[in-house]
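Asker: Can you keep this structure in mind? I'll have questions shortly.
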Protein chains: 4
Amino acid sequence: MKRLWDKGEPLDKRVLRYTAGEDYLLDERLVPYDVRASIAHAKMLCKQGLISAEDSQAITNGLNALATSHAAGEWKITLEDEDVHTALEKHLTDTIGEAGKRVHLGRSRNDQVLTALRLYMLDAAGELHKSALDAASALKKLGKQNKDVALPGYTHMQQGMPSSVELWANGFAAELEDDANNIVSALQRADKNPLGSAAGYGTPGLELDREFTREALNFTVVHEPVTAVQLSRGKAEAALVFELSLLMQDLSKLATDLLMYYTQEFAFVKLPENMTTGSSIMPQKRNPDVLELVRSAAATINAALLEILGITTKLGSGYQRDLQRIKPPLFRAIDLAGASTEIMVQLISGIKFLPENIQLDPSIYAAEKAYQLVTNEGISFRDAYRRIAAELNNDE
Amino acid sequence: MKRLWDKGEPLDKRVLRYTAGEDYLLDERLVPYDVRASIAHAKMLCKQGLISAEDSQAITNGLNALATSHAAGEWKITLEDEDVHTALEKHLTDTIGEAGKRVHLGRSRNDQVLTALRLYMLDAAGELHKSALDAASALKKLGKQNKDVALPGYTHMQQGMPSSVELWANGFAAELEDDANNIVSALQRADKNPLGSAAGYGTPGLELDREFTREALNFTVVHEPVTAVQLSRGKAEAALVFELSLLMQDLSKLATDLLMYYTQEFAFVKLPENMTTGSSIMPQKRNPDVLELVRSAAATINAALLEILGITTKLGSGYQRDLQRIKPPLFRAIDLAGASTEIMVQLISGIKFLPENIQLDPSIYAAEKAYQLVTNEGISFRDAYRRIAAELNNDE
Amino acid sequence: MKRLWDKGEPLDKRVLRYTAGEDYLLDERLVPYDVRASIAHAKMLCKQGLISAEDSQAITNGLNALATSHAAGEWKITLEDEDVHTALEKHLTDTIGEAGKRVHLGRSRNDQVLTALRLYMLDAAGELHKSALDAASALKKLGKQNKDVALPGYTHMQQGMPSSVELWANGFAAELEDDANNIVSALQRADKNPLGSAAGYGTPGLELDREFTREALNFTVVHEPVTAVQLSRGKAEAALVFELSLLMQDLSKLATDLLMYYTQEFAFVKLPENMTTGSSIMPQKRNPDVLELVRSAAATINAALLEILGITTKLGSGYQRDLQRIKPPLFRAIDLAGASTEIMVQLISGIKFLPENIQLDPSIYAAEKAYQLVTNEGISFRDAYRRIAAELNNDE
Amino acid sequence: MKRLWDKGEPLDKRVLRYTAGEDYLLDERLVPYDVRASIAHAKMLCKQGLISAEDSQAITNGLNALATSHAAGEWKITLEDEDVHTALEKHLTDTIGEAGKRVHLGRSRNDQVLTALRLYMLDAAGELHKSALDAASALKKLGKQNKDVALPGYTHMQQGMPSSVELWANGFAAELEDDANNIVSALQRADKNPLGSAAGYGTPGLELDREFTREALNFTVVHEPVTAVQLSRGKAEAALVFELSLLMQDLSKLATDLLMYYTQEFAFVKLPENMTTGSSIMPQKRNPDVLELVRSAAATINAALLEILGITTKLGSGYQRDLQRIKPPLFRAIDLAGASTEIMVQLISGIKFLPENIQLDPSIYAAEKAYQLVTNEGISFRDAYRRIAAELNNDE
């Protein structure tokens, strides 16, 4: 009997499907980066006298044309291509002929994959940085709009100290700005040129100029020695996802607060209509689905981080195919963190606080009163604390 | 400036894309299960006198027709549908009119989602069970084919005791059989009828027959009380993925052994040609990619398990939209474990052991010699052990 | 300069401290189990004619005496002992002389460790089972005591349907009973006699009776073949911790509900005085620390599960020292789940619901009204739903 | 019947044991840091005119004396103390009387805990940085000692390209240096003064000088606004453990390589005698236990990271007792990473490569030959690759 996942394909196709996995779909986003890297590599080969100027120009033009036609939706990577690298090399050879076969000189799939991935990560981190800052700005604006609105300051989910919407919003904003900065600085590990390390052991007998491609691709340093390059696989990826995990935690905590404020019992806030959805059975309800999905997105990103770490843990040195499995959790985390941050920018901008529903328990001023006793009477804080506590208990 | 993930869509579309997520794609596989569940529900409504026999029949026919046309590829769930449940209800109402609007009586999206998911999990577990047993059979066959081939028994990756290919293969086979059995028994948590719990609090004022749908859908028990149903979300899912994690660990360990046996230094085995791939830079190589991908698939499934657990941890009772995030890791784990097991069945069947390369170090018989000393001379094991150890050191 | 963790010890001591780790402390709890296993092994050796009846009796008496003196606190395992097994063998030889050196015949540290661990897990699971049932009972009692107290039924943290304290409590109770049962059935993987597998490859040239020790130790089956035994390391451990993870999730969700009910804004419950603690700065506060610690205990157990899975993933077959690292997360999970469950039994028993503070929003009956429309007017549920929704919107 | 974990204590003691957890043991290491922080706080209070110069001096002297007597082993934190903070305040008041009760003015346990923890983390990171650099140096020395020893360069665990011990060792050294640097820069999140944020909402009515304590404690910035401080809990902790996770991965990969090189089949290396241990049953064996334990230590640290992330995920803002659960995985990770790195420094220094056993397969030069063809004949790399591949296949 056919299994659920049995598509009735011959064995070779099944092996291909298993080994290529989702790569051909995931790699769509890497087309522009692999094009940039291959052009830099070709120009370097030319400069080193390893290919002719004509070939270098043909390769550059051919790849640029492919990037353009891909962006226009004229072709896609297929399962048979396996990945972006084979797809581009094949299309290039189809287009410009013989010269296309010369671009792989002094390069392995191993350093090629990593170069495209690092260039992509550097771009993605820049975008995520901006989104996180947008969320911080939205919060600061929300705080300013509600700067006269008092809010209980909770500890242990109990009213503890007087606070305000502005203080609450600015606390989150400060942490999001911190996240934004760390997303960029985490990229230090990705900011090293892997090109020229080839399969991980350099190119004996072939002189390449790694500094040339470094500069062309705008990496800060050349990744040295060549054996460090494959050893480092997964580290820059994990470092980015780790920062996204902290970013999402902050958004998740914000969602947790807002979900509580949005209960009928608190009723501290009104959410924008377009951020809530109806119920299939209870016609009266407006559910805060966006916030719930943001809250648990943090768990998905924690798991993506762990997935990457789990893939590289205990592997020996040198490239191993296991490393291909890093791409799905990396892209999943980037996409989810990006989408969640963007939607939160919109949501935050539409929150209305309802001051008429926000009640501060009178006991919330107990610490302040104890401070006054200390200042006025010169007694120790511990004694002041005990006196206030006794008074509060008598009131009950 | 547009961000990488900005598709330039209006806000409502972006909210929809965020909240629906991948559901409309993932839910393709749930069509037959939601059809079965809806038919059972409609028949129950009819039996309870809540809809007419004509409506019940129209619903049944309409849904069966939709299942058939879906299986034939005639329609797909769209983003605008959001999920399988809305898609089916919409198509049904389009097809059979008024009666289609009656099927949702006494049912919420909450119990409906869970019913389809549980029916699917029960099916998938059955398939995974069979695949795991196939892998066990392939190993036992491999052991039998090589029953005269000695193999060092390793501890600490050091030759420790004499062993054999058969003993090695049968060890894995036994554990895979254990995994197969546990996959099925883990489903105890999924084997409870959630229908009739509606949004999680039953259907006050509306008498449903939960035992009727239980029997129609072949669940072992009715999930009681209604408040337990949503509390249990993620538990059956995690239980299945946990078992897949143990299954994949066993396959991962098998891959680890084979990858070492396949090194030039060991050279204990030859892998089937179609399970190895070439190198982009080193023309001489046949790489064991399938085994490497299987080895790290275990890390992906560990992470999927953690993702599910992370989503439900700390949620309060009652349905929350967070639960939707369980579906991607669940399906990812099922698909990957299924595909990995199937490919390993093929790979195992093609392994050739190379007895001429397998050398057992003479010291491997030291424990056996110590046993003989004990038996022959009646000395204690500790004394025999010390004597053999001293002899071996003198030999060096 | 000395590092923080540098105790100025000579290298051999540092290696010992690194390799023995916390084992000597953790193993305290294994003393009675290793004694039982060693006695069973000795009796089997005697039955097989491999040691004399006198030696067997001396070993039995000696070990029983050591178990008694250990329970009385008269000796502890030291770092120099490394673990329970060496400690017992050493003390035994000190006490009964020559015969003590005979007990290790046909046994390796590998099967010995696993036997003690499995016996301990079977016991611990029994205790955890009982604790989970106690928590379920406490909840059912709480439900009965408050059986006339209405409670909003929440979905998306919004009041959705009418519910009651009893329905709420019984939902949790049912899931905890489910957890209790699964804790025991998860032990199927631990319930196999590993004794006689020795280092993982049996005892060539030495005839042991594995069925004898199986019966003596009350295992259900002999773990066969011998090579499966070490392959299985971590699986039974992970299976138990996985069930504890689900148990703790249920308790964590209960804590989440109660923490919300305990806010001043909800004020649905009063917690027992001895389960709350004061604040160091805000004299008025009674904080629900126990509930907060229970809530996050689930995260600790999820991590312990992942730790065990991470240790065994990608290891090859045969014993490897890595497996020693399984013990700390296993014991940590058992202790934390046990303590958390026990404290929750106490806490649940002291909860007071405050019906005067519990308000059900009138709109909560909307679904019920829609059902009535369907029943009374024979219109479809979707049309009834739309009418009720329109009415509710007009009311606003 | 008494449960395994039932110590027969009265309820209050059990609640204390549950809530204090291991804190009283873990906090031993925080004594000097809490002393420093409290002295800085007292001096600030004095400068602000909130306590007298005499009291400030008495507090400073008293705390310094307590730090000294604690370092000398004269007292320990007890369960009844709960944690380092209560212990010090209690001992201080016992010693210096009234003045001791004044030090808690304007401070909450919340900012106090965090200050001590951050000061400790900054110190620990410095030590870990040095240990990682030591390991890198040991590798570079090993590479230099073996600079003429060739080694196969593996990809997919297959001999792929010519390499050398020096290239292999220097690859690891470079990554360890990278880890060392990132450990320090990850501390940016810990390098902010939390003092003065009190319970998380500042000290209304009491003017503190946060800049004064910042400078006294050598933090780079004041953590602003006060609401950000508790929101950030777990982030600096996770950031440090994340870097330790990458550090341990590198050591784990090194261990994986060495464990393979140490097999009888490879026999590329001899390990130092004092880093291997004997077997309880096989007298001939020297097992590489240290390397195995290092290999899996990475899994333990991955889990500690996940534990921290899991604890803070989904928590709302403001201090919650859940945060106490961060300490055990944080300390566990620091201790294990420190000990593992230190032991590896020793182990690396004792490795002997055995060049006589290292064989490079002749086909390993295939890529180099293809490069020569390209250079000499001007053909494309792809054509050269195909020609070399054909030649190699004919040879077989």
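The values are calculated or read from the model by the stated rules, or taken from the named source; none is laboratory data. Model, not experiment: these values are computed from the prediction. Backbone-built Cβ (ideal geometry, glycine too); neighbour counts: all protein chains shown. Note: areas computed on protein heavy atoms with side chains; ligands, DNA, RNA excluded. Shrake-Rupley method; radii C 1.70, N 1.55, O 1.52, S 1.80 Å.
Asker: I'd like to check something: does the range C:334-341 contain any residue that is closer than 19 Å to residue C:258 by Cα, open to solvent by 10 Å² or more (accessible area, probe 1.4 Å) and either within 14 Å of chain D (Cβ to nearest Cβ) or of a type in the set (Ser, Thr, Tyr) (or both)?
Answerer: Scanning the range C:334-341 turns up at least one residue that is closer than 19 Å to residue C:258 by Cα, open to solvent by 10 Å² or more (accessible area, probe 1.4 Å) and either within 14 Å of chain D (Cβ to nearest Cβ) or of a type in the set (Ser, Thr, Tyr) (or both).
Asker: With respect to residue D:266, is the statement that it is surrounded by fewer than 24 Cβ atoms within 10 Å (Cβ to Cβ), within 9 Å of another protein chain (Cβ to nearest Cβ) and touching a residue at least 60 places away in the same chain (Cβ under 8 Å) true?
Answerer: On the way: surrounded by fewer than 24 Cβ atoms within 10 Å (Cβ to Cβ): yes; within 9 Å of another protein chain (Cβ to nearest Cβ): yes; touching a residue at least 60 places away in the same chain (Cβ under 8 Å): yes.
Answer is yes for this residue.
Asker: Looking for something facing another protein chain (nearest Cβ under 7 Å) and in contact with a Phe, Trp or Tyr (Cβ under 7 Å, 6 or more places away or on another chain) - is there at least one such residue anywhere in the range A:168-187?
Answerer: The answer is no; no qualifying residue exists.
Asker: Sticking with this structure for a sec: Consider the range D:158-167. How many of its residues are without any contact (Cβ under 8 Å) to a residue 40 or more places away in the chain and facing chain A (nearest Cβ under 8 Å)?
Answerer: 2
Asker: Where residues in the range D:183-207 are open to solvent by 30 Å² or more (accessible area, probe 1.4 Å) and either assigned to a loop (DSSP other than H, G, I, E, B) or in contact with a Lys or Arg (Cβ under 8 Å, 6 or more places away or on another chain) (or both), which of them is farthest from residue D:244 (Cα to Cα)? Reasoning before the result, please.
Answerer: Taking the range D:183-207 first, the residues open to solvent by 30 Å² or more (accessible area, probe 1.4 Å) are D:184-185, D:188, D:191, D:204-205, D:207.
In the following step, the residues that additionally are either assigned to a loop (DSSP other than H, G, I, E, B) or in contact with a Lys or Arg (Cβ under 8 Å, 6 or more places away or on another chain) (or both) were identified as D:191, D:204-205, D:207.
Details: D:191: 18, D:204: 39, D:205: 42, D:207: 39 Å.
Looking at the filtered set, the residue picked out is D:205.
Asker: Which numbered condition in (1) surrounded by 24 or more Cβ atoms within 10 Å (Cβ to Cβ); (2) outside the structural domain of residue B:319 (by TED's automatic domain parsing) is the only one that residue B:243 fails?
Answerer: Residue B:243 satisfies every listed condition except (2).
Asker: Among the helices (runs of 4 or more DSSP H) contained in the range A:1-108, which hold 1 or more residues that are away from chain D (no Cβ under 13 Å), open to solvent by 40 Å² or more (accessible area, probe 1.4 Å) and β-branched (Val, Ile, Thr)? If you could, list the steps in order and put the result at the bottom.
Answerer: Values: elements: A:11-20, A:23-26, A:31-47, A:53-71, A:84-96.
Here the list reads A:53-71, A:84-96.
Asker: Can you tell me which residue is nearest to residue B:97 (Cα to Cα) among those in the range B:41-76 that are within 27 Å of the chain's Cα centre (by Cα) and not charged (D, E, K, R)? Lay out the reasoning, then the answer.
Answerer: Kept after step one, since they are within 27 Å of the chain's Cα centre (by Cα), are these residues of the range B:41-76: B:67-68, B:70-73, B:76.
Filter once more, keeping what is not charged (D, E, K, R): B:67-68, B:70-73.
Numbers: B:67: 17, B:68: 19, B:70: 19, B:71: 22, B:72: 23, B:73: 23 Å.
Residue satisfying both the conditions and the ranking: B:67.
Asker: A follow-up question, please. Out of curiosity, is residue A:350 within 14 Å of chain B (Cβ to nearest Cβ), surrounded by fewer than 21 Cβ atoms within 10 Å (Cβ to Cβ) and either farther than 22 Å from residue B:289 by Cα or without any contact (Cβ under 8 Å) to a residue 40 or more places away in the chain (or both)? Lay out the reasoning, then the answer.
Answerer: Details: within 14 Å of chain B (Cβ to nearest Cβ): yes; surrounded by fewer than 21 Cβ atoms within 10 Å (Cβ to Cβ): yes; either farther than 22 Å from residue B:289 by Cα or without any contact (Cβ under 8 Å) to a residue 40 or more places away in the chain (or both): yes.
It is true that residue A:350 is within 14 Å of chain B (Cβ to nearest Cβ), surrounded by fewer than 21 Cβ atoms within 10 Å (Cβ to Cβ) and either farther than 22 Å from residue B:289 by Cα or without any contact (Cβ under 8 Å) to a residue 40 or more places away in the chain (or both).
Asker: Based on what the data block shows, is residue B:215 more than 8 Å from chain C (Cβ to nearest Cβ), touching a residue at least 60 places away in the same chain (Cβ under 8 Å) and among the charged types (D, E, K, R)? Spell out how you get there, then give the answer.
Answerer: Values: more than 8 Å from chain C (Cβ to nearest Cβ): yes; touching a residue at least 60 places away in the same chain (Cβ under 8 Å): no; among the charged types (D, E, K, R): yes.
Considered against the rule, which asks whether it is more than 8 Å from chain C (Cβ to nearest Cβ), touching a residue at least 60 places away in the same chain (Cβ under 8 Å) and among the charged types (D, E, K, R), residue B:215 comes out as no.
Asker: Continuing with the same structure: Identify, by number, the condition in (1) touching a residue at least 12 places away in the same chain (Cβ under 8 Å); (2) in a loop (DSSP other than H, G, I, E, B) that residue B:285 doesn't meet.
Answerer: Against the list (1) touching a residue at least 12 places away in the same chain (Cβ under 8 Å); (2) in a loop (DSSP other than H, G, I, E, B), residue B:285 comes up short only on (1).
Asker: Related question: Can you tell me which residue in the range D:319-333 is farthest from residue D:269 (Cα to Cα), limited to those that are open to solvent by less than 10 Å² (accessible area, probe 1.4 Å) and not polar (S, T, N, Q)? I'd like the intermediate steps shown before the answer.
Answerer: Of the residues in the range D:319-333, the ones open to solvent by less than 10 Å² (accessible area, probe 1.4 Å) are D:320, D:322-323, D:326, D:329-331, D:333.
Narrowing further to those that are not polar (S, T, N, Q): D:322-323, D:326, D:329-331, D:333.
On the way: D:322: 48, D:323: 46, D:326: 41, D:329: 35, D:330: 35, D:331: 34, D:333: 30 Å.
Taking the candidates together, the pick is D:322.
Asker: Within the set of pairs 6 or more residues apart or between chains, which connect a residue that is facing chain D (nearest Cβ under 8 Å) inside the range C:110-131 to a residue that is polar (S, T, N, Q) with Cβ atoms less than 6 Å apart?
Answerer: Cβ pairs passing all conditions: C:131/C:341.
Asker: Select from the range D:111-150 the residues that are more than 14 Å from the chain's Cα centre (by Cα), open to solvent by less than 10 Å² (accessible area, probe 1.4 Å) and within 24 Å of residue D:177 (Cβ to Cβ) and list them in ascending order.
Answerer: Listed by number, the residues that qualify are D:135, D:136, D:139, D:142, D:143.
Here's the yes/no breakdown for (1) more than 14 Å from chain D (Cβ to nearest Cβ); (2) of a type in the set (A, V, I, L, M):
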| position | (1), (2) |
| --- | --- |
| B:328 | yes, no |
| B:370 | no, yes |
| B:373 | no, yes |
| B:382 | no, no |
| B:385 | no, no |
| B:392 | no, yes |
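Asker: Give the number of residues within the range D:213-239 that are within 19 Å of residue D:34 (Cβ to Cβ) and crowded, with 21+ Cβ neighbours inside 10 Å.
Answerer: Residues of the range D:213-239 within 19 Å of residue D:34 (Cβ to Cβ): D:213-219, D:223, D:229-230, D:233, D:236-237.
Of the ones still in play, those that are also crowded, with 21+ Cβ neighbours inside 10 Å are D:213-214, D:219, D:223, D:229-230, D:233, D:236-237.
The total comes to 9.
Asker: Give me the pairs: first residue in the range C:189-203 and among the hydrophobic types (A, V, I, L, M, F, W, C), second residue part of a strand (DSSP E or B), beta-carbon distance under 6 Å, and six or more apart or on different chains, which are they?
Answerer: C:199/B:155; C:199/B:160; C:199/B:161
Asker: May I pose another question? Go through the range C:313-324 and give me each residue that's facing chain D (nearest Cβ under 7 Å) and without any contact (Cβ under 8 Å) to a residue 40 or more places away in the chain.
Answerer: Across the range C:313-324, the qualifying residues are C:320, C:322.
Asker: Among the numbered criteria (1) farther than 25 Å from residue A:11 by Cα; (2) more than 7 Å from every other protein chain (Cβ to nearest Cβ); (3) over 19 Å from the mean Cα position of the chain (by Cα), which one does residue B:258 miss?
Answerer: (1)
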